[in-house]
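These notes are about the structure you will find just below.
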Amino acid sequence: MKAKVWNGLDRLDVLDRLLKGRRVGLVTGGSAINRQHELAVDVLSSRYQVTALFNTIYGIRGEFVYGERVERYVDGPTGLPVFSIFNRERTAPTAEMMAPVDVMVFDIKEAGVRYYEYLYCLANLMKACAACGKPLVVLDRIDPIGGVKVEGTVCPAGMHTMVGDYELATRTAMTIGEFARYVQGEFAVPVDLTVVPVKGWRRSQYMDETDLPWVLPSPSLPHVEANLLYTGMCIFEGVATVNEGRGTSKPFELVGAPWMNADEVVRRMRKRDLEGVSFSRVYYIPSASKHRGEVVNGVQIHVLDRDSIEPFRVAVSLLDEIRTLHEDKIVWADCSAGHDVKAEASIPFERYTDKLLGDVRYTAGELDGEGLIAAHAQARARYIQRKAPYELYES
């Protein structure tokens, strides 16, 4: 039987105490819905005095494509102004934008992975609220791939980007509300923060083990397994010559290129005997992204046991084998491949994969996948200890 779960947006008794009689600014998106499948923008604007809306990536209602730069527009159903707070010019609301607001509210579904820019949109919002003296209410949502397992590399202290910061592990094992508490506590952000917790969720549960509907956090995450594999397979976004399933119905479940010896990659991956996963040979034609319109020789990743699979290890192992077979075909994309924005005093990464890994040693050939994972073991252990005081839910 699936667990019955209420996200922060469903806790109207709590919201009434926090928001009634106050002018509300709302940061949200099309994946933020309540149990009746109503968007956060409609729920809150019908119940409270919402005076301004703030868009991060896909639009308040999910009406934009990734990368579309609309700095300001009017939301048709509510007639409210919408300000962009994720573009090349800014990553947080200005004091002028927040002037007609008494309290800011953040409600966006994220993916449990540190590459996801919503985390840093929230962190920058926290700093902006602290600077302007505006209280912030975060409506919590569950981590869709569970809040227990930590994987991958850990961002170095000097890394400040929109795909990695705050010394996060690749797989964060935190909800968006826990992340806000972690940033406030560990990085001394003096914001007046309230997190409205989820009710009925245990951190060991994946989203499809609850009665909550799956609404795409982005167009490339159509279901829980794609979200799980995204934990590792996103690193292929930094390989200019290899497609990671974008432009197909199985993003992050497929990887390939027209020149790839997929049969040999499958044979080598099966020999590794990784837990919870199997591999098969596949042909596909991406309708977009890398190798668009070409027949791709590919590998399909099949999740057999989500509790034992380590998607980050799967991804770096795949990249290891592809590099071994086709070293002359691997072209590393520079950082223009991502949608990051400039940040002050950050490590000057040149390759996008380095930025996604938070480490330059892998692409430089100094470490293979297993060496990279081992090199970050102590940092992962420290991260687990650091985040523990900010956790809101039992396993």
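A few remarks follow.
- Cβ-Cβ FRET estimate between SER46 and ARG72, R0 fixed at 25 Å, reported to 0.05: 0.60
- Using just its DSSP H runs of length 4 or more, each adding -39500 (n - 2.57), the chain gives a mean residue ellipticity at 222 nm of -7500 deg cm²/dmol after division by all residues.
- For region 13-160, pairs of C-alpha atoms spaced more than 23 angstrom apart make up 35 percent of the total.
- The chain - charge dipole about Cα centre, Lys and Arg +1 at Cβ, Asp and Glu -1, debye rounded to 20: 560
- Heavy-atom accessible area ranking, 1.4 Å probe, most first, across THR172, THR94, THR324: THR324, THR94, THR172
- Rounded accessible area of SER287 (nearest 10 Å², 1.4 Å probe): 80
- The heavy atoms of TYR118 offer some 10 square angstrom of accessible surface to a 1.4 angstrom probe.
- Shape call, region 119-212: gyration tensor on alpha carbons, a/c limit 1.5: oblate
- To the nearest 10, the accessible area of HIS37 is 120 Å² with a 1.4 Å probe.
- When Rg and the Kirkwood radius Rh are both evaluated on Cα atoms of region 299-395, their ratio Rg/Rh stands at 1.01.
- Surface analysis of region 59-217 yields an accessible area of 31 Å² per residue, using protein heavy atoms and a 1.4 Å probe.
- Expected-Rg normalisation [2.2 N^0.38 Å, Cα atoms] applied to the chain: 0.97
- Label point 7 Å beyond Cα of ILE384 along Cβ direction - residues of region 157-194 with amide nitrogen under 11 Å: none
- Nonpolar atom fraction for the chain, defined as the carbon and sulfur part of the 1.4 Å probe accessible area, stands at 48 percent.
- Residues of the chain were split at every exposed loop site, defined as GluC sites (Glu not before Pro) in a DSSP loop with at most 15 other C-beta atoms within 10 angstrom, and the longest piece left, sites excluded, is 97-274.
- Here's how it looks for VAL195: its modeled amide H is under 5 Å from those of VAL138, which are all 5 or more places away or on a different chain.
The values are calculated or read from the model by the stated rules, or taken from the named source; none is laboratory data. Because the structure is predicted, anything quoted here is derived from the model rather than measured. Using ideal geometry, Cβ is built from the backbone for each residue, glycine included, and neighbour counts are taken over all protein chains shown. Heavy atoms of the whole protein, side chains included, go into the accessibility calculation; ligands, DNA and RNA do not. Shrake-Rupley method; radii C 1.70, N 1.55, O 1.52, S 1.80 Å.
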